[in-house]
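This report concerns only the one structure given below.
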Amino acid sequence: MANIDRDSGLSAPSRETNYSEHEKLLNTTAAVQAQSVDNNTFPAVNPPPKTGHTRTGSVTTNVSGTLNQPLNIVVLGASFAGLSIAHAFLDTTLAQLRTTSAAPNYRLILISPSTHIYWNIGAPRALVALGLIKQDDLFIPIEPGFQRHKGRPYTIIQGRAITWDSNARTVEVELLSSAAEKRYSQLSTTSSAQKRRSDNPLSPVSDAPRTQTVPYHALIIATGSSAHSNLLSLHGPHTDTIAALTAIHSKLATAKSIVVCGGGTSGIETAGQLATYLNYTRHWPVRRLIASPKKIILLTGSDRCLPTFPLKQSKKAERKLQSLGVDIRHNVRVTSAKEDFDLTGQVKVELDDDTTLIVDAYIPCTGVSPNAAFAPPALRDEEGYVKTNAATCRVDEAGSRVYALGDVASFSQNYTLDAYAAVPVVQANLLNDLVAHELRLASPYGGNQDAIDALKDEIYVRRDKDSQLCPVTRFGGVGVLTGLALPSLMVHKMKGSDYRVRKAARVVVDGGNPYAKPFSKYE
Ligand SMILES: Cc1cc2nc3c(=O)[nH]c(=O)nc-3n(C[C@H](O)[C@H](O)[C@H](O)COP(=O)(O)OP(=O)(O)OC[C@H]3O[C@@H](n4cnc5c(N)ncnc54)[C@H](O)[C@@H]3O)c2cc1C
């Protein structure tokens, strides 16, 4: 990643470029305004600029952009990517908009099924036993992080996008709490009866339908991915994840045998953390094994641990796991896992070598799937990710002003750093597209075309996937940083000591990158 902005962790050059770009625009457009334009009846726009992207956006929209009914900038997902772009919009972009007197008003709507983020970077340790990572460090409420935006137009709604109509430019959202229903009804000014109801604190909020259609002027998709196990990532409200963690903690406490499936970083970390914290009472200067250690089996599904790491690091991870007593089995895959198959709580794990394991606990660490089921199939790639332009982060086939970033975007390699590298790109291109729209509104017959053409896209640069950290034991692990192998203790220092929980506040309060240096005041 290029130069890290000291406060935000965002790439600095893009922000600077766009400030000056838009200051220029403010000056050049001041003279070309004053036409009264109704957003809903605006005529067809001029041909698109020759260079750049499809900045051809229709200016019709189903909300008016007046003060009472601002245009919706909708962000789906409130984790690393969604929080970062939402804060960036409220901190910076908003003030750079309304470049003409005909410009609309805007509001940000942040939609997420969970009111809290889940610090799943620490999940492999958190799932082992209660208190290894404090619950307050694992689940951080989103809303307080936005208190510093008081006075700015934003609303956070606990809901899940269930369908998306890219032609109508709407997202259908299932509201997941009565607070969300109330908030949504306060947003809507379409029905005065509804407004009266929401104004009256005594009125039953259940009058509002549970599913609502949210129109958008711009849409930013940051719905991420979910691990196959609900222990490793959110699958809805964070309370579901807390319940899943509580259930596994009590299961592991009495388990005699545990199978971990998956030879990637999550599987290796999980097997290592289980062995470390369940089977040993002391770790330094020598480990002390408990009297009846649990049998921990790791199924890697390939011919080595950590297949994306250099071979030497794979072998090192394997040796570390073996030193902890983990039974590693390569080249065998799980074909089915039946929980509580005999009503005693045990799990029947069937393998593709026609053998079966009966164990007390089973933890699948078998990768992630994109949270994009709400998107039309035509807008998803063959793996289900949202088809996103890897240069501009726009979802080109979804019409104007639609973007995706973070795990859900087809260009992402599913690391937090991919999300943070994309934030300045989405921020800059969103600003360009919104300003282009304003310029068209101000000069419907093409008077601002030069200014629109002058808006330059920010381009996403793909990060080399050569930095990965995998804590294994109490004080060590394996890792690669910008291609260089890290000493075991360094992996502990950089990640395994506390799974970077001290950086979580930064993510929630300022949308900052938890891996950026120097660290922020929130730590
Ligand atoms: C166990 C584990 C450990 C990891 N460790 C690391 C690590 O050490 N370093 C690293 O760089 N990466 C790590 N990763 C990857 C990292 O977690 C992801 O890259 C990161 O979470 C992606 O962030 P995101 O904001 O794109 O999506 P997510 O974090 O997946 O968040 C998605 C957001 O969208 C919301 N959402 C989901 N569906 C909908 C919907 N239908 N409508 C609205 N909102 C929705 C969710 O509630 C959530 O708020 C790890 C992943 C796992 C599973």
Open item on the list: Only counting other Cβ atoms within 10 Å, I'd like 420, 280, 184 sorted with the fewest neighbours first.
Closed with: 280, 184, 420
Task: Residue exposure sequence - 187, 324 - by fewest surrounding Cβ within 10 Å - done: 187, 324
Task: Full-extension gain in nm, residue 322 to residue 343, via 0.36 nm per residue minus C-alpha separation - done: 4.3 nm
Task: Gyration tensor verdict on region 377-424 (Cα atoms; rounded if a/c is under 1.5, prolate if a/b is larger than b/c, oblate otherwise) - done: oblate
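Working out 0.36 nm times the residue gap between residue 356 and residue 247, then minus their Cα-Cα distance, what length gain in nm do you get to one decimal?
36.8 nm
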Task: Gyration tensor (alpha-carbon) shape descriptor, region 244-370, a/c threshold 1.5 - done: oblate
Task: Label-point gap, in nm, between residue 134 and residue 462 - each point 7 angstrom along Cα→Cβ - done: 4.2
Task: Subset of 295/320; 251/316; 295/348; 294/316; 315/503; 315/348 violating a 19 Å alpha-carbon distance limit - done: 251/316; 294/316; 315/503; 315/348
- [ ] In nm, give the distance between the simple-model label positions of residue 485 and residue 290, each being 7 Å from the Cα along the Cα-to-Cβ direction.
- [x] 3.3
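Each reported figure results from applying straightforward, stated rules to the coordinates on display, with no laboratory input. Quantities reported herein were computed from a predicted structural model and do not represent experimental measurements. No Cβ is skipped: glycine too gets one built from the backbone with ideal geometry, and neighbour counts run over all protein chains shown.
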